[in-house]
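The values are calculated or read from the model by the stated rules, or taken from the named source; none is laboratory data. Keep in mind the model is a prediction, meaning the values are calculated, not measured. All Cβ positions, glycine included, derive from the backbone under ideal geometry; neighbour counts span all protein chains shown. Just so you know, the surface numbers come from the protein's heavy atoms only, side chains and all, with ligands and any DNA or RNA stripped out. Shrake-Rupley method; radii C 1.70, N 1.55, O 1.52, S 1.80 Å.
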Amino acid sequence: MGSSRELSMYFFWALCLIGFSASAVSGAKATPRNLEQIIVGRCEEYQRVIRPDLFKSGYKNCTDLWLKFHKAFANKGPCNVTVESYNDFVTAAFHEIDTENKVMYWSGLQILLAVDYARASNLKYTSIQEILAAYVIRNVDDWCGQVGAPGVDYNACPPWGKCPLLASTSFWTALSKSFAKQVKGTVHLMLNGSSGQAYRNTSIFASSELKNLDKSRTPGVHVHLVYATSGLTIEKCGQGSLVTLEQDVKKKGMTYKCSDDDQAILYFQCVTDMETDRCKKACSVGSRSASSQKSSLSLSLALLMLTIAVTLRPV
């Protein structure tokens, strides 16, 4: 079928031809009233439909997982949920998964870019979003408790970053620490080279993920710098905060590699932002390259791939 970059190029070419566009959907900053049904339902779906191969020895009790998740934050102030509060849930939801040379981390980017790129990589990459504990709260950005009945605040939750012990912040910190201990082989890290500071020592990656990576299991880190489709470039490999990141990685006895502006990632970015000059240029170059190469992957197959990807995209 060709390399990952070739597949991305043909996929992107198909998008150029049909003028594909997409829009993001945002939700309210509050606990969903059907959070229990969401978590239990997705727990069952993950085990029985998405990844039944991971649970051949038996399914996990989804109601029990919900109770452990609920106990972690319910009847507590929205800014008073410790990382340790989620230990029982994270332990109960744990399962083995193939992570060798596949894990894609991200920092300073919209979650959809990194996660969807990993999902579209033909199993070349995976992310923390693909394990059961994260899958059950997919697209649930906010939840919080309150002191007093009903124990959960369904009206409003503090925004991310408002307090250090926010229910969702502590959850991701706990899960990141646990997941980091499962990782094997070289890990990949997607960073925003247009942000002004691609690497921050206060990020979850720096404080929880990199900190918990074991060099005996994870020998190196490969950084993929991503830039805004507007063309804004502030930091490149070997500059600014990337120097600090390289130092932090090497202090752990791990190897460091950095790539600027991966074309496969650019094609993926342009799916939802095709009107920028940078994407129009990439579209033109990608179309010429695709038409000049002798490949068995025809346009009809590329369009079929697009149809399947859009049809199966999680909602």
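A few points about this structure:
- Leading residue by the ranking (farthest from the chain's Cα centre (by Cα)) among those in region 35-46 that are surrounded by fewer than 17 Cβ atoms within 10 Å (Cβ to Cβ) and over 28 Å from Val147 (Cα atoms): Glu44
- Where Ser230 falls short, out of the listed (1) assigned to a loop (DSSP other than H, G, I, E, B); (2) farther than 22 Å from Ser178 by Cβ; (3) open to solvent by less than 60 Å² (accessible area, probe 1.4 Å): (3)
- Output for region 162-185, where each listed residue is open to solvent by 10 Å² or more (accessible area, probe 1.4 Å) and of a type in the set (Val, Ile, Thr): Thr169, Thr173
- Qualifying residue in region 235-249 (condition: farther than 17 Å from Trp106 by Cβ and open to solvent by less than 40 Å² (accessible area, probe 1.4 Å)): no
- For the condition under 30 Å from Asp262 (Cβ atoms), at pLDDT 95 or above and open to solvent by 10 Å² or more (accessible area, probe 1.4 Å), Tyr125 does not qualify.
- Filter pass, Ser241 being among the small types (Gly, Ala, Ser) and either under 24 Å from Leu175 (Cα atoms) or modelled with pLDDT under 90 (or both): no
The rows are residues; the columns are (1) in contact with a Pro (Cβ under 7 Å, 6 or more places away or on another chain); (2) open to solvent by less than 20 Å² (accessible area, probe 1.4 Å).
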site: Asp153; (1), (2): yes, no
site: Pro158; (1), (2): yes, no
site: Val187; (1), (2): no, yes
site: Ser207; (1), (2): no, no
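- Positions within region 197-216 being among the β-branched types (Val, Ile, Thr) and farther than 11 Å from Thr173 by Cβ, in sequence order: Thr202
- Filtering region 213-226 for residues that are of a type in the set (Asp, Glu), closer than 23 Å to Ala118 by Cβ, part of a loop (DSSP other than H, G, I, E, B) and open to solvent by less than 50 Å² (accessible area, probe 1.4 Å) leaves an empty set.
- Taking residues in region 53-73 that are modelled with pLDDT of 95 or more, and partners anywhere that are of a type in the set (D, E, K, R), the pairs with Cβ atoms closer than 6 Å and at least 6 places apart or on different chains are Cys62/Glu44; Trp66/Glu36; Lys68/Asp88.
- Residue match in region 180-197 (condition: touching a Leu at 6+ places or on another chain (Cβ under 7 Å) and more than 21 Å from Tyr125 (Cβ to Cβ)): yes
- Meets criteria (closer than 30 Å to Met274 by Cβ and part of a helix (DSSP H, G or I)) for Phe205: yes
- Unique match (being within 21 Å of the chain's Cα centre (by Cα), under 22 Å from Ala118 (Cα atoms), open to solvent by 80 Å² or more (accessible area, probe 1.4 Å) and at pLDDT 95 or above) among Val25, Val49: Val49
- Check on Gly231, out of contact with any helix residue (DSSP H, G or I) (no Cβ under 6 Å at 6 or more places or on another chain) and on the phi > 0 side of the Ramachandran plot: no
- Qualifying helices (runs of 4 or more DSSP H) (wholly inside region 87-201; at least 2 residues being without any contact (Cβ under 8 Å) to a residue 60 or more places away in the chain and in contact with a Ser or Thr (Cβ under 8 Å, 6 or more places away or on another chain)): 111-119, 167-180
- Count of region 132-151 residues which are open to solvent by 60 Å² or more (accessible area, probe 1.4 Å) and within 17 Å of the chain's Cα centre (by Cα): 2
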